[in-house]
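Here it is, the structure, as structure tokens.
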Amino acid sequence: MINRKKYLGLWIIKLQKMDKESKLLLIDDIFTPSSPIENIELFSGREGQINAIKEAIREKGQHAIMHGLRGAGKTSLANMTLFLFKNLMSLKITCNREDTFNSVWERALRKIRFVQTDKTVGFISTDKTDVFPIEVPGKDMISPTEIEQILINIPGNMLFVFDEFDMIKSKKVKSQMADMIKLVSDNLPHVTILIVGIAESIDELIGEHPSIERCMKQIELPLMSDDEAKDMILKNLAYLKMRIDEHVLLKIIDMASGFPNYLHLLCKYAAKAALRDNTEQISLKHFDEAVLKSIENSDYTIKKTYSKAVKSSKRQGRFADVLLACALSDANGNNSFNADDVLEKYNQITGVFHKKESIHYHLGMLCKKERSEILIRSKKNNTTHYKFSKPLIKAFVKLKKHEEKIK
Ligand SMILES: Nc1ncnc2c1ncn2[C@@H]1O[C@H](COP(=O)(O)OP(=O)(O)OP(=O)(O)O)[C@@H](O)[C@H]1O
Ligand SMILES: [Mg+2]
């Protein structure tokens, strides 16, 4: 059976002949809210970050660290390194909680493949290609100098991508990794290391290591911009030969709040609703259906955190409105807002003038365990700031408000 993901390009050419049922199936390959992008044709935007990785690869001794919020699209971008850079062997290692320095590097080295091509000239000229792995010492034998010795003998440029690096909590492993980066930077100009993980800053991901500051390019992966989101939706709908009303497109972008998985969720269900309605034009009623389905299919922890936060016989609506005011206050996407911003939005949402104390009370309560600590409070320059403990909640809060309107 043809692998639709891999051969998506071929399918697109054949699309003219697709019936409704085939399109319904293809939607699941194109809009993938629960899995990172693996097919370059489905990858959108991120030009700045791709260029930054390119620069790190080009500059000898440079390495990079890419950090961003949960679900920002880090793994998808890491996957694209396999396709984007010519004359480079890209190897992606997914880190896990149990990993040590030795175990991640053992997996990394095992992924290396030598490719040898013999040109055989006869009646016809053929390229005979042999691919074989390298010999890797046992896990206990792996040391920085051993790794250096192996890598020094490998011809050609290499990029090692250590994804989900936030899974590694051990300070010792982080320090060992930093020392390894320094060693590679000094002695192996054909090797680039890219560390990827959830973090608000580079220090949070790898710790403070002055020795590697100069050789580490810091790449922040922000949430998707409105333009990136728009390009992604229109490109993917074009594969399906479907269209969308402009105001619905804008609504999806607004609801998703920059989180690509919510863009995928909403588009997936809106496109399915339209096809079931025997039309290829997505309109408001399909969007409404998609909102309900997206709530149902959101992460369990997001749903649980939200319902605990707003739960109350009397104040449920108020807490939901305050949370919406928080989501709307975070206009620049930094996941940070203060009580004044929230009060202004809260007054707009409710159409009532509330006192400052009321908003302080609600924000304070939303930081408590009994309200699932949905918000986190911090002090910056003598001002109290708040943020969502799980940034994805920002999109969920908007979906819930829309649900209230349509139910
Ligand atoms: N550039 C992109 N173009 C289109 N879709 C994207 C893009 N980046 C991410 N996505 C989609 O967004 C969702 C989240 O992507 P991904 O898993 O790569 O994020 P992540 O930052 O690695 O998440 P986590 O923090 O949980 O590891 C997936 O549904 C993926 O298909
Ligand atoms: Mg990831």
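Test Ile195 against the stated conditions and say whether it is under 30 Å from Leu249 (Cα atoms) and within 16 Å of ligand 2 (Cβ to nearest atom). It would help to see each step written out before you state the result.
Numbers: under 30 Å from Leu249 (Cα atoms): no; within 16 Å of ligand 2 (Cβ to nearest atom): yes.
Criteria not met by Ile195.
Given the structure, is Ser329 closer than 21 Å to Lys251 by Cα and touching an Asp or Glu at 6+ places or on another chain (Cβ under 6 Å)?
Numbers: closer than 21 Å to Lys251 by Cα: yes; touching an Asp or Glu at 6+ places or on another chain (Cβ under 6 Å): yes.
Yes, satisfied.
Within the stretch 259-271, is even one residue among the aromatic types (Phe, Trp, Tyr), crowded, with 22+ Cβ neighbours inside 10 Å and in contact (Cβ under 8 Å) with a residue 60 or more places away in the chain?
Restricting attention to the stretch 259-271, the residues satisfying the condition of being among the aromatic types (Phe, Trp, Tyr) are 259, 262, 269.
Restricting the remaining residues to those that are crowded, with 22+ Cβ neighbours inside 10 Å gives 259, 262, 269.
Retained after the next criterion (residues that are in contact (Cβ under 8 Å) with a residue 60 or more places away in the chain): 259, 262.
Taking every residue of the stretch 259-271 in turn, at least one turns out to be among the aromatic types (Phe, Trp, Tyr), crowded, with 22+ Cβ neighbours inside 10 Å and in contact (Cβ under 8 Å) with a residue 60 or more places away in the chain.
Please enumerate the residues belonging to the stretch 336-355 that are in contact (Cβ under 8 Å) with a residue 40 or more places away in the chain, out of contact with any Asp or Glu (no Cβ under 8 Å at 6 or more places or on another chain) and buried (at least 19 other Cβ atoms within 10 Å of the Cβ). Working first, answer last.
Residues of the stretch 336-355 in contact (Cβ under 8 Å) with a residue 40 or more places away in the chain: 336-339, 342.
Right, trim to out of contact with any Asp or Glu (no Cβ under 8 Å at 6 or more places or on another chain) and you get 338-339, 342.
Hits for the stretch 336-355 are Ala339, Val342.
Among the aliphatic types (A, V, I, L, M) and more than 27 Å from Ser298 (Cα to Cα): does that describe Ile359? Outline the logic, then answer.
Values: among the aliphatic types (A, V, I, L, M): yes; more than 27 Å from Ser298 (Cα to Cα): yes.
So Ile359 passes the test.
Mind checking which residues of the stretch 359-369 are out of contact with any helix residue (DSSP H, G or I) (no Cβ under 8 Å at 6 or more places or on another chain) and either part of a helix (DSSP H, G or I) or farther than 22 Å from Thr305 by Cα (or both)?
Restricting attention to the stretch 359-369, the residues satisfying the condition of being out of contact with any helix residue (DSSP H, G or I) (no Cβ under 8 Å at 6 or more places or on another chain) are 361, 364, 367-369.
Tyr361, Gly364, Lys369, listed by residue number.
For the stretch 62-76, state whether one or more residues are more than 13 Å from ligand 2 (Cβ to nearest atom), of a type in the set (Ser, Thr, Tyr) and in the same structural domain as Phe162 (by TED's automatic domain parsing). Talk me through it step by step, then tell me what you get.
Within the stretch 62-76, the subset more than 13 Å from ligand 2 (Cβ to nearest atom) is 62-65.
Filter once more, so that each one left must be of a type in the set (Ser, Thr, Tyr): none.
Checked against the condition, which is being more than 13 Å from ligand 2 (Cβ to nearest atom), of a type in the set (Ser, Thr, Tyr) and in the same structural domain as Phe162 (by TED's automatic domain parsing), the stretch 62-76 yields no hits at all.
Which residue out of Thr305, Thr279 is more than 25 Å from the chain's Cα centre (by Cα) and either farther than 17 Å from Glu373 by Cα or hydroxyl-bearing (Ser, Thr, Tyr) (or both)? It would help to see each step written out before you state the result.
Values: Thr305 fails: more than 25 Å from the chain's Cα centre (by Cα).
That would be Thr279, the only listed residue that is more than 25 Å from the chain's Cα centre (by Cα) and either farther than 17 Å from Glu373 by Cα or hydroxyl-bearing (Ser, Thr, Tyr) (or both).
From Lys398, Lys387, Lys405, grab the single residue that is in a helix (DSSP H, G or I), touching a residue at least 24 places away in the same chain (Cβ under 8 Å), within 22 Å of Lys303 (Cβ to Cβ) and not hydrophobic (A, V, I, L, M, F, W, C). First the steps, then the outcome.
On the way: Lys387 fails: in a helix (DSSP H, G or I); Lys405 fails: touching a residue at least 24 places away in the same chain (Cβ under 8 Å).
After ruling out the rest, the residue left standing is Lys398.
Criterion first (out of contact with any Ser or Thr (no Cβ under 7 Å at 6 or more places or on another chain) and under 30 Å from Tyr269 (Cα atoms)) does His362 satisfy it?
Values: out of contact with any Ser or Thr (no Cβ under 7 Å at 6 or more places or on another chain): yes; under 30 Å from Tyr269 (Cα atoms): no.
Judged against the criteria, His362 is not a match.
Also: Residues that are assigned by TED's automatic domain parsing to the domain that holds Leu77, at pLDDT 95 or above and more than 16 Å from ligand 1 (Cβ to nearest atom), at least 3 per element: which strands (runs of 3 or more DSSP E) completely within the stretch 156-222 meet that?
Values: elements: 157-163, 191-198, 216-221.
Per the criteria, 191-198.
Filter the stretch 29-53 for residues that are surrounded by fewer than 19 Cβ atoms within 10 Å (Cβ to Cβ), at pLDDT 95 or above, part of a helix (DSSP H, G or I) and touching a helix residue (DSSP H, G or I) at 6+ places or on another chain (Cβ under 8 Å) and give the result.
Ile50
Mind counting the residues in the stretch 272-295 that are hydroxyl-bearing (Ser, Thr, Tyr) and surrounded by fewer than 22 Cβ atoms within 10 Å (Cβ to Cβ)? First the steps, then the outcome.
Residues of the stretch 272-295 that are hydroxyl-bearing (Ser, Thr, Tyr), as a first pass: 279, 283, 294.
Subsequent filtering for residues that are surrounded by fewer than 22 Cβ atoms within 10 Å (Cβ to Cβ) retains 279, 283.
Of the residues in the stretch 272-295, 2 are hydroxyl-bearing (Ser, Thr, Tyr) and surrounded by fewer than 22 Cβ atoms within 10 Å (Cβ to Cβ).
Restricting to the stretch 31-41, give me the number of residues that are within 16 Å of ligand 2 (Cβ to nearest atom) and either of a type in the set (A, V, I, L, M) or free of Cβ contacts under 8 Å to residues at least 24 places away in the same chain (or both). Even if it seems obvious, please write down each step before you answer.
Initial filter on the stretch 31-41 (within 16 Å of ligand 2 (Cβ to nearest atom)): 32-38.
If we keep only those that are either of a type in the set (A, V, I, L, M) or free of Cβ contacts under 8 Å to residues at least 24 places away in the same chain (or both) as well, we get 35, 37.
Adding up the residues that qualify gives 2.
Considering only residues that are surrounded by fewer than 20 Cβ atoms within 10 Å (Cβ to Cβ) and either within 11 Å of ligand 1 (Cβ to nearest atom) or among the basic types (Lys, Arg) (or both), which ones fall in the stretch 231-247?
Passing the criteria: Asp231, Lys235, Lys241, Arg243.
The values are calculated or read from the model by the stated rules, or taken from the named source; none is laboratory data. Predicted, not measured: the structure shown is a model, and the values here were computed from it. Every residue, glycine as well, gets a Cβ built from its backbone with ideal geometry; the counts of neighbours run over all protein chains shown.
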